[in-house]
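The values are calculated or read from the model by the stated rules, or taken from the named source; none is laboratory data. Everything numeric in this text was worked out from a predicted model, so none of it was measured. With ideal geometry, Cβ positions are generated from the backbone for all residues, glycine too; neighbour counts draw on all protein chains shown. What goes into the accessible areas is simple: the full protein's heavy atoms, side chains included, and nothing from ligands, DNA or RNA. Shrake-Rupley method; radii C 1.70, N 1.55, O 1.52, S 1.80 Å.
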Amino acid sequence: MAIRIINIGGQRLVTGLYWQNLSDTAHPRREIVQAGREADADMVCVPTIKNPIQAGYASRAELGSVNGARSLAGGLAESHTGSWLGLFKVPDDSDQYYYIAIQNDHILASSDVVGDLDEIRTNFEQTLSFGGWQYVTVPEGFNYPGVTVTHLTLAEMLTKRAPKLKPLEFKLKDLPTRKILYGVGAAAFLTLAAVAYSWWQQEEEKKRQEEIRRVLRDQEHARKAALDKALAAPPWNSAVPVERFLESCVNQWRTVRYSVGGWQLTGWNCESHQIIASYDKSSMASALQLMRYVPGASLSGDGRKAVIVTPIKMAATGSRPAVRGITAKAALMDYAESHVLTAAFQALPPPQALPGAEAPPPPPWTVEKVSIESAYPVFGLGKMAHVPGFVIKSLSSNPGNGGWKWQIEGELYVAK
């Protein structure tokens with residue numbers, strides 16, 4: 001992340017720090033220095049955040065002048081605890097925005113960034129979809145369905161003086177040395193040998209502990225990378241938007257043939273990539289007649305039923321946030337009730353690991369199977385598009401008493 005300087009209220013505030021949670025809370029100084037070496041940094045900010053302690057790193061080369069440099073993210077984290085999300089217009093810069101995410105009092109490493117609106121808003125909305133935020137603040141004119149937002153500026157949010165960036169001191173205490181004195185006795189020599197051996201044991205133990213911490217850090221980085229990969233492309237963003245799905249299926253239904261060479265339509269199913277129409281043979285029809293009209297039709301073993309598959313294309317677009325489960329579920333249930341629909345929900349289990357593979361980290365969302373039935377055509381149900389996290393898998397229609405019955409099968413992704 002690029003280092004940027006923002007001036008607010010006479011403070012020279014730095015963004016884009018490399019944030020690390022420290023595991024050694026008893027002796028944090030050594031780990032602060034070690035993490036600085038690994039990040040190739042020589043400046044550090046340590047806000048008053050505990051359990052664990054958190055440190056943000058930068059280099060003098062990126063900062064330019066270090067005089068009076070303070071951390072904007074550190075100041076916001078100290079000003080407002082808990083879990084909250086912020087998207088802010090950068091003062092005196094019409095094209096730049098700042099994004100910050102505080103979770104359980106700690107700064108998320110992927111936030112504390114300044115950039116163009118498209119780039120920043122994408123990261124912000126992906127994080128918003130996780131759910132669990134106590135409050136969200138965005139600039140005037142930004143609103144998200146199902147999410148209560150405020151419109152505060154950085155100056156209004158920064159109620160405490162931001163913590164300073166300080167130089168990292170890499171010089172540790174010199175290792176113990178032995179002074180070899182001429183004429184020492186055997187007892188003194190043995191004492192020095194014992195001290196040296198004790199020091200060697202301590203150094204070996206330090207190396208072992210450092211290796212353990214390195215392995216734990218690598219495991220945590222791998223876990224975060226796997227989770228970030230899942231979050232970068234949540235399943236509902238690769239699905240066809242509800243309104244487009246229904247519109248495409250309805251257009252296909254308007255071209256359906258109820259009878260083909262004496263074969264009668266008995267079922268119809270619309271998916272994002274194909275239409276499946278089922279037909280039954282009437283007493284006066286024949287398989288040859290059907291094949292004459294539809295050469296690609298598939299016949300059942302007894303020749304009395306047929307299926308016609310027609311490929312179609314629907315495009316998935318956009319980055320859409322999911323919301324908390326109770327909000328999304330209530331919205332869908334209210335919509336179904338107001339349109340005389342029957343809606344049923346069933347929780348689906350999380351994805352399981354393949355045999356011999358490590359279990360993936362649980363995503364910050366759950367999935368529920370949704371079945372919606374209607375005795376009326378679904379031509380005007382496009383408003384279901386306004387239920388965040390809801391996607392349609394199929395739309396089907398079958399004849400019944402009183403006319404054709406309609407059924408929607410879908411999934412509802414809800415943030416934990």
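Take the residues in the stretch 20-29 that are open to solvent by 10 Å² or more (accessible area, probe 1.4 Å) and in contact with a strand residue (DSSP E or B) (Cβ under 7 Å, 6 or more places away or on another chain); name whichever of them is modelled with the lowest pLDDT.
N21
Restricting attention to the stretch 114-139, report how many residues are touching a residue at least 12 places away in the same chain (Cβ under 8 Å), more than 27 Å from V367 (Cβ to Cβ) and either open to solvent by 60 Å² or more (accessible area, probe 1.4 Å) or assigned to a helix (DSSP H, G or I) (or both).
The first filter runs over the stretch 114-139 and keeps only residues touching a residue at least 12 places away in the same chain (Cβ under 8 Å), leaving 114-117, 120-139.
Retained after the next criterion (residues that are more than 27 Å from V367 (Cβ to Cβ)): 114-117, 120, 137-139.
Retained after the next criterion (residues that are either open to solvent by 60 Å² or more (accessible area, probe 1.4 Å) or assigned to a helix (DSSP H, G or I) (or both)): 116-117, 120.
Selection size over the stretch 114-139: 3.
Conditions first: (1) part of a strand (DSSP E or B); (2) touching a helix residue (DSSP H, G or I) at 6+ places or on another chain (Cβ under 7 Å); (3) at pLDDT below 90. V367 passes all but one, so which condition is the exception?
Result: V367 passes all but (2).
Yes or no, residue by residue, for (1) open to solvent by 30 Å² or more (accessible area, probe 1.4 Å); (2) at pLDDT below 90; (3) not small (G, A, S):
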position: P377; (1), (2), (3): yes, yes, yes
position: G382; (1), (2), (3): no, yes, no
position: G389; (1), (2), (3): no, yes, no
position: W404; (1), (2), (3): yes, yes, yes
position: Q407; (1), (2), (3): yes, no, yes
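Looking only at the stretch 63-113, count every residue that is outside any loop (DSSP other than H, G, I, E, B) and within 19 Å of the chain's Cα centre (by Cα) and tell me the total.
Result for the stretch 63-113: 13.
Output the number of the condition that L63 fails; it satisfies all remaining conditions of (1) farther than 30 Å from E210 by Cβ; (2) modelled with pLDDT under 85; (3) open to solvent by less than 30 Å² (accessible area, probe 1.4 Å).
Every listed condition holds for L63 apart from (1).
Among the residues in the stretch 30-43, are any over 15 Å from L168 (Cα atoms), open to solvent by 10 Å² or more (accessible area, probe 1.4 Å) and in contact (Cβ under 8 Å) with a residue 40 or more places away in the chain?
Within the stretch 30-43 (the criterion being over 15 Å from L168 (Cα atoms), open to solvent by 10 Å² or more (accessible area, probe 1.4 Å) and in contact (Cβ under 8 Å) with a residue 40 or more places away in the chain), the answer is no, since none of the residues qualifies.
Of everything in the stretch 234-248, what is closer than 17 Å to S397 by Cα, of a type outside the set (S, T, N, Q) and open to solvent by less than 60 Å² (accessible area, probe 1.4 Å)? Give them in sequence order. Step through it out loud before you land on a result.
Residues of the stretch 234-248 that are closer than 17 Å to S397 by Cα, as a first pass: 245-248.
Then keep just the ones that are of a type outside the set (S, T, N, Q); that gives 245-247.
Scanning the stretch 234-248 gives F245, L246.
Looking only at residues in the stretch 249-271 that are among the polar types (S, T, N, Q) and out of contact with any strand residue (DSSP E or B) (no Cβ under 8 Å at 6 or more places or on another chain), which one is surrounded by the fewest Cβ atoms within 10 Å (Cβ to Cβ)? Quick ask: steps written out before the conclusion?
Step one: filter the stretch 249-271 for residues among the polar types (S, T, N, Q), giving 251-252, 255, 259, 264, 266, 269.
In the following step, the residues that additionally are out of contact with any strand residue (DSSP E or B) (no Cβ under 8 Å at 6 or more places or on another chain) were identified as 251, 255.
Numbers: N251: 11, T255: 8.
So the residue we want is T255.
Just the residues that are under 30 Å from E119 (Cα atoms), hydroxyl-bearing (S, T, Y) and either surrounded by 13 or more Cβ atoms within 10 Å (Cβ to Cβ) or modelled with pLDDT of 80 or more (or both), please, taken from the stretch 295-353.
S319, T327
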